[in-house]
1. How many of the residues making up the stretch 56-71 are assigned to a strand (DSSP E or B) and at positive phi?
2. May I ask you to verify whether VAL280 is aliphatic (A, V, I, L, M), assigned to a loop (DSSP other than H, G, I, E, B) and either at pLDDT below 95 or in contact with a Ser or Thr (Cβ under 9 Å, 6 or more places away or on another chain) (or both)?
3. Please state which one of LEU170, LEU165, LEU139 is closer than 26 Å to GLY274 by Cβ, surrounded by 16 or more Cβ atoms within 10 Å (Cβ to Cβ), of a type in the set (A, V, I, L, M) and touching a Leu at 6+ places or on another chain (Cβ under 9 Å).
4. Checking the structure you have, find out if any residue of the stretch 264-283 is more than 14 Å from the chain's Cα centre (by Cα) and without any contact (Cβ under 8 Å) to a residue 24 or more places away in the chain.
5. Take the residues in the stretch 25-43 that are within 25 Å of the chain's Cα centre (by Cα) and more than 10 Å from VAL58 (Cβ to Cβ), then tell me which one is surrounded by the most Cβ atoms within 10 Å (Cβ to Cβ).
6. Looking at the stretch 32-57, which of its residues are in contact with a Leu (Cβ under 8 Å, 6 or more places away or on another chain), among the aliphatic types (A, V, I, L, M) and more than 19 Å from ARG183 (Cβ to Cβ)?
7. Among GLY120, GLY53, which is the only one that is free of Cβ contacts under 8 Å to residues at least 12 places away in the same chain, outside any helix (DSSP H, G or I), surrounded by fewer than 17 Cβ atoms within 10 Å (Cβ to Cβ) and at positive phi?
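The values are calculated or read from the model by the stated rules, or taken from the named source; none is laboratory data. Please read all numbers here as calculations on a predicted model, not as lab measurements. Neighbour counts run over all protein chains shown; Cβ positions are idealised from the backbone, glycine included.
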Amino acid sequence: MFSFAPMILAGALIMPADLPTELVIHGVSHPLYPSTTQRCPDVPSPMAIVDTGREYVVVRIHDGTFGLVDVTPDAQQLQINGDDFPALERTGLHDPVELSSIGTITGRTIEQIDELASPGVLSTEGFIASDETVISVLLGDNEIVAAMGLTHPELARPLWHVWNLMRTDLALDRWSMRHHQWRNMTAMKYNGRWINLDAHDTKGGQRSPFADGLEGGFWIVIDRALEDGEVAYLREHYPHCDPDRWNNLYGTLTRIWTGEMEPHYVQWYGFYEGHTAWRVDPVGIASVFGLRSLEELDAVFPRYLEDVVRDHHLPEGSR
């Protein structure tokens, strides 16, 4: 049964009391955060320990030291709304037929959600573009995720890791409340690349268009630079892009500008938001976190990757 519990998203991260303070890998002891080291831990990042089910990433601290941080998603984070989306709960992807016939999500009608999610209602930007609907967005992104050979929970995972890093520092009072900014962890190592992290808290709370109790209070920037070979590949295979399309493609592949509500949306509903400023594009997640290489993405969407990340998900019949 999928249920929503009252939550305070910025609250202290509750960890099991018996968690270790060090991790021994191949006979080498690695202290766990909040302890830090002068040298970067020589371990995979992200890393899942099969015996315990715990997950870890390596981070870089503002003072040049490094940490190995437990970022294991909790039970509530890993829920999937199987009441409304049985196929999503069962397979990690939506069944398009099932999705096209749905009338409510979290007890609200699709029409209510479309209205609340539109620009200028609950938020200035909106959760979907003015020419999109929540169902058209769910269908469009589900098609993209399936084509990449991924699932919605797989794409939510790295977003959970970032959010749980933030929660860890919030619980340790390592957040600059005076500057309303995360100034402690500056980057994390992920699938062989360093990914820059920046986040700020806000005074207000963003309400959700779903009846799920979520309220957003942070904005988060996650980015990495493309390697020289990746830039050369793009220049060779997308010479036809005008500057606007090039900038949109490059930006999507390298930068995620979002909040803490979005990992919940991706995991619970397979919802990445529509084509608005807060969107966590599934292609962008795959690229930034190294889940798929640029060559693999281009093989899935040969020579039209810029269209995939740019085109709105329009309702059937309005295309």
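1. The number of residues fulfilling the criteria is 0.
2. yes
3. Just a single option satisfies the conditions, and that option is LEU139.
4. no
5. Only one residue tops the list, namely LEU32.
6. Matches in the stretch 32-57: LEU32, VAL43, ILE49.
7. GLY120
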